[in-house]
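The values are calculated or read from the model by the stated rules, or taken from the named source; none is laboratory data. None of these values were measured; they are calculated from a predicted model. All Cβ positions, even for glycine, are placed from backbone atoms using ideal geometry, and neighbour counts span all protein chains on display. Heavy atoms of the whole protein, side chains included, go into the accessibility calculation; ligands, DNA and RNA do not. Shrake-Rupley method; radii C 1.70, N 1.55, O 1.52, S 1.80 Å.
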Amino acid sequence: MALFSKTSRAPSMNFRFQALRNLTPDGWLLFATRFIRLFAYGLLAVILFLYLSQLGYSDSHIGLLLSFTLIGDTAISLWLTTRADRLGRRKMLLVGALLMVMAGILFALTHNYALLIIAATVGVISPSGNEVGPFLSIEQAALAHVISDQDRTATFAWYTLAGSMAAALGSLAGGGFAQFLQHAGISPLASYRAIVILYALLGILLLILFLLLSRGVEVIYPSQAQAQTSGASPNVLLGLHRSRGVVFRLSGLFALDAFGGGFVIQSIAAYWFHKRFGADPATLGAIFFGANLLAAFSALAAASLARRFGLINTMVFTHRPSNVLLILVPLMPSLQLAIILLFLRFSISQMDVPTRQSYTMAVVSPDERSAAAGVTNVVRTTGAAIAPLFAGRLLGNPALMNLPFFLAGGLKIIYDLLLYRSFIRIKPSEEQD
């Protein structure tokens, strides 16, 4: 037994840190951009619904606006990510950062609903506190390009942890800063607008860091002439060729999962806690700081589980109990109990994220990675974009305001079952004997 504990436990603890030691300067830059971006998303998400409500919009109008935000991100992301491998990953990341800055500025400056719709559709705004826009897809492809297959899942776990930590700190900072400004005598609307301006400034910082990336993150994409010379001229659709079938099947399932999750994106969940229990901005910031912090470490634990049980098994069998807990949150009679259930849920909720990202990168060709990540993430955003249309209306009805949690958990459980059935036999290279 002593021999077993020394030889099996140590490697499981060390391989994750080895992945960090193997990161290149470009890898560390991508970690930094992930951290800054998710901090900005968390900062904004915790107050976004409250900000729009202060502008005088109804719950249903806000739900519509959030849907347009996600729909616009989807269209832009699809265009950028399916061209990134051919036109340049760095260029597409810079365009995404510019759109983030533009959206933050417009949201801060205008009260006009039509202009907000335009800003939400064209710009990059995250009402969920999670990734939107082209960044995640292209960064995933760039990371997978500069690391080994053996380090991929562990690196993606650290990458997810960095994002979750940043979102947690952003949520805490957003709620705390708004509360601080309000205690200082500043109106709620002005306090929320200050956070929107800070979001735009962080977009500028992101732009600067993307400029520092080297050409090492780019893929050598075969030209049409080279493909014809080699006798292999792939039929490309949305940047995909050999991996198209697998990517489209994954995309359909990911859309279902995201549609369920769209009923309880962070802005909606924060507003639900405010409406159901009267939680103030500082309390909301603390709630989602704790939730995202737990999510961060759950993502890191996924690397060890995936190494032992496989990527698909880890994705499915950690996701199911988290969705049961999600269903139970609105059944709690007090704020404290609801927070406990939410924290339990987040403590295992992100284990499927690095495993899902790693699995997608593993089963496609290197020159399809940006496109594959882009298509799968775009359909996830599309699914998440539709749900707030319904969630906003449900929140406006006191008799139905708990229903978004039930719908989210139920749909996500169906996704787990379908994913396992469809992909358990398709193994990534590191799991093949």
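What the table below lists for this structure:
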quantity: Spin-label pair ALA399/ILE186, simplified geometry with 7 Å Cα→Cβ offset, distance in nm; calculated: 4.2
quantity: Given charges at beta-carbon only (K, R positive; D, E negative), |dipole| of the stretch 127-224 in Debye; calculated: 280
quantity: Dipole in debye (nearest 20) - the stretch 240-387, about Cα centre, beta carbon charges: Lys, Arg +1; Asp, Glu -1; calculated: 280
quantity: Relative contact order of the chain, defined on C-alpha pairs under 8 angstrom at six or more residues apart (%); calculated: 28
quantity: Charge-dipole axis of the chain as Lys and Arg at +1 and Asp and Glu at -1 on Cβ define it, positive-most pick from ALA103, ILE414, ALA119; calculated: ILE414
quantity: Whether the stretch 298-405 is rounded, prolate or oblate, judged on the alpha carbon gyration tensor where a/c under 1.5 counts as rounded; calculated: oblate
quantity: Whole-Hz ³J(HN,Hα) from phi, Karplus 6.51 cos²θ - 1.76 cosθ + 1.60, for the stretch 331-347, glycine and proline x; calculated: 7, 6, x, 9, 4, 4, 5, 5, 5, 4, 5, 5, 5, 4, 5, 5, 5
quantity: From phi via Karplus (6.51, -1.76, 1.60), per-residue ³J(HN,Hα) for the stretch 79-88 in Hz, x at Gly/Pro; calculated: 5, 6, 6, 6, 10, 4, 5, 8, 8, x
quantity: Helix-derived mean residue ellipticity, 222 nm - over the chain, DSSP H n ≥ 4, -39500 (n - 2.57), to 500; calculated: -27000 deg cm²/dmol
quantity: Apportionment of accessible area to carbon and sulfur, the chain, percent (1.4 Å); calculated: 67
quantity: Accessible area per residue, Å², the chain with all protein chains present, probe 1.4 Å; calculated: 39
quantity: Student exercise, the chain dipole from Lys, Arg, Asp, Glu Cβ charges, in Debye to nearest 20; calculated: 460
quantity: Sequence-separation-based contact order of the stretch 34-179, relative, with Cα cut under 8 Å and 6+ spacing, percent; calculated: 48
quantity: In order through the stretch 151-160: 3J(HN,Hα) via Karplus (6.51 cos²θ - 1.76 cosθ + 1.60), integer Hz, x for Gly, Pro; calculated: 8, 4, 5, 5, 5, 5, 5, 5, 4, 5
quantity: Overall form of the stretch 300-345 per C-alpha gyration tensor (a/c, 1.5; a/b vs b/c); calculated: prolate
quantity: Gyration tensor verdict on the stretch 107-164 (Cα atoms; rounded if a/c is under 1.5, prolate if a/b is larger than b/c, oblate otherwise); calculated: prolate
quantity: Highest-fluctuation residue, SER53, SER164, SER298 considered, GNM on the chain with Cα pairs under 10 Å; calculated: SER53
quantity: Helix 113-122 vs. the chain, principal-axis angle (Cα, 0 to 90°, nearest 10); calculated: 10
quantity: Ordering of 241-254, 354-367, 267-280, 132-145 by packing [mean C-beta count within 10 Å, highest first]; calculated: 132-145, 354-367, 267-280, 241-254
quantity: √(5λ) per eigenvalue of the Cα gyration tensor, the chain, largest first, Å; calculated: 33, 26, 21
quantity: Hits among aspartates and glutamates - C-alpha to C-alpha of LYS275 under 15 Å, sequence gap 8 or more where chains match; calculated: ASP59
quantity: Degrees between helix 25-54 axis and first principal axis of the chain (Cα, 0 to 90, nearest 10); calculated: 30
quantity: Residue (of SER148, ALA399, ILE71) at the positive-pole extreme of the chain, dipole from beta-carbon charges; calculated: SER148
